[in-house]
C-alpha cells in the first residue's frame, strides 16, 4: 500500500476541510433556524414542506460535521483512532451526509413534479426539479452502497472502489446543479447574459468552467473509476490521481467565487448568483485543494522547497477561508453576506488570489512532472 510521506500536510488538510465542512453547515443551519423554522401561516404548503425538510437535513449534516471535526482532531493531535473507530466515524459521516441529500432535496424535486406546466414551472423544472431529483437519489444510493462496503473485510477492495465511485457521482451532482442554475439564468435574462462579448466575458468564462470544465473533470473521474473498479486491491489505486481530482474539484469553486469577488455580478443579479453565493450550502468545498494537494504530492515530497510551498498554500487557504466564513457569520442573525463590503472584498481578493495561484500552480506543476517522469 502507498504511504503518505508528507504526513503533517495531510493532517492539516484533513483538519481544515473538516472545520470548513462543520462551520459552513453551522451557518446554514443557523440561518434555517432563524428564517425558516417558523414560516408564516399563509405560506404555500410546498414552501413549508421544503423549508422543514431542509432544516431537518441540515441537522444530519451538522452531526456529520461534528463527527468529522472530532475525528480529525484525534488524527492531528497524534492520539489517532483505531481502524475500527475510524471506520465507525467514516460510516456515520457517510450515512448522515446521505440523509442530508435525501431529506433536504427530495421534497424540492417532488414539488416540481406536482405543479402545472407553464413558463414559471419550466424555469422551476430546470433550476430545481431536475438537479434536486438527481442529487437526492444518486448520492444516497451510492453512499448507501459505500456504507455497506466500508468494513475491515472490504477495506482494501470494494470499499475503496465504491469510495472512488461515490466521489465521481459527487462531481456529476455539482456539474448538473450548477449547469441548471446557469441555464435558468439564461432563461430569465436571455442568451446575451452569457454570450454578449466582451461586456459579459466573466459570465461566459464562468459558464464554460461549469458546463465544460466541470464536466471534463467528471468524465476524467469516471475513466479513473472504471480503471479502479477493474483493478485489484488498494495498492493498484493511484493516490496521486485521486489527489489531483480532489484538488481540481475544489479549485473550481475557488475560481468561480473569486471571479465574482473580482468583477461582481456581470450583467446584473440573476438566479445563478443568487444560487452560488446565497443558497449554496457547499462552498466549504473551496478548502478541498488543501486536502487534495498533500494526497497529490505524497509521491513527490522529497523536495523541502515543495513541502514548504504546500504549507504556505495551506496557510494562505486557511486565512482566505477565515475571511470567507466571517463574511457570512458576522452578519447573523440576518441572512445578509458581508463579502460585498470593501474591507472583506479586499481581504478575500488578496488571500483568495494567492490561494488560487499557489494551489493551481502546484497541481499543474505536479501533473506536468508526472508526464515527464511517470511512477
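Could you tell me the calculated FRET efficiency between residue 367 and residue 45, based on Cβ-Cβ distance and R0 = 56 angstrom, to the nearest 0.05? Calculated transfer efficiency: 0.65. For the chain, adding -39500 (n - 2.57) for each run of n ≥ 4 DSSP H residues and dividing by the number of residues yields -25000 deg cm²/dmol at 222 nm.
Compared with the dominant principal axis of the Cα atoms in the chain, helix 45-76 is inclined by about 20°. Here the extension length gained between residue 197 and residue 77 equals 38.0 nm, from 0.36 nm per residue of separation less the Cα-Cα distance.
For the chain, modelled as a GNM with alpha-carbon contacts under 10 angstrom, which of 102, 123, 291 fluctuates the most? Comparing 102, 123, 291 in the GNM, the peak value goes to 123. Residues 158, 211, 248, 108, arranged from fewest to most other Cβ atoms within 10 angstrom of their Cβ, appear as 211, 158, 108, 248.
Using a Förster distance of 35 angstrom, determine the FRET efficiency expected from the C-beta separation of residue 34 and residue 148, and round it to 0.05.
Values: r = 37 Å, r/R0 = 1.06.
According to the calculation, E is roughly 0.40.
Springs join every pair of Cα atoms under 10 Å in this Gaussian network model of the chain, and among 196, 259, 348 the largest mean-square fluctuation is at 196. Exposure proxy for 61, 91, 345: other Cβ atoms within 10 Å of each Cβ, ordered fewest to most, give 91, 345, 61.
I want to verify the translational diffusion coefficient of region 7-372 in µm²/s; compute it with Stokes-Einstein, Rh as the Kirkwood radius over Cα pairs, at 25 °C and 0.890 mPa s. Before the final figure, lay out the partial values.
Working: Rh = 21.5 Å.
Roughly 114 µm²/s, to the nearest whole number.
Checking the a/c ratio against 1.5 first, then a/b against b/c, what shape does the Cα gyration tensor give for region 218-318? Oblate, because a/c is 1.5 or more while a/b does not exceed b/c. A straight line joining the Cα centroids of region 323-347 and region 146-222 runs 27 Å. Taking only Cα atoms, what is the 0 to 90° angle, nearest 10, from helix 158-189's long axis to the longest principal axis of the chain? In the chain, helix 158-189 runs at an angle near 30 degrees to the longest axis. Look at 286, 229, 187, 58 and count the other Cβ atoms within 10 Å of each Cβ; fewest to most, that gives 229, 187, 58, 286.
Axis angle, to the nearest 10 degrees, between helix 239-263 and the longest C-alpha principal axis of the chain: 40 degrees. GNM remark for the chain: springs join alpha carbons under 10 Å apart, and the peak mean-square fluctuation among 290, 146, 354 falls on 354.
Values quoted throughout were computed directly from the atomic coordinates according to the rules given, and no laboratory measurement underlies them. Please read all numbers here as calculations on a predicted model, not as lab measurements. Because the Cβ atoms are built from the backbone with ideal geometry, glycine has one as well, and the counts that use them run over all protein chains shown.
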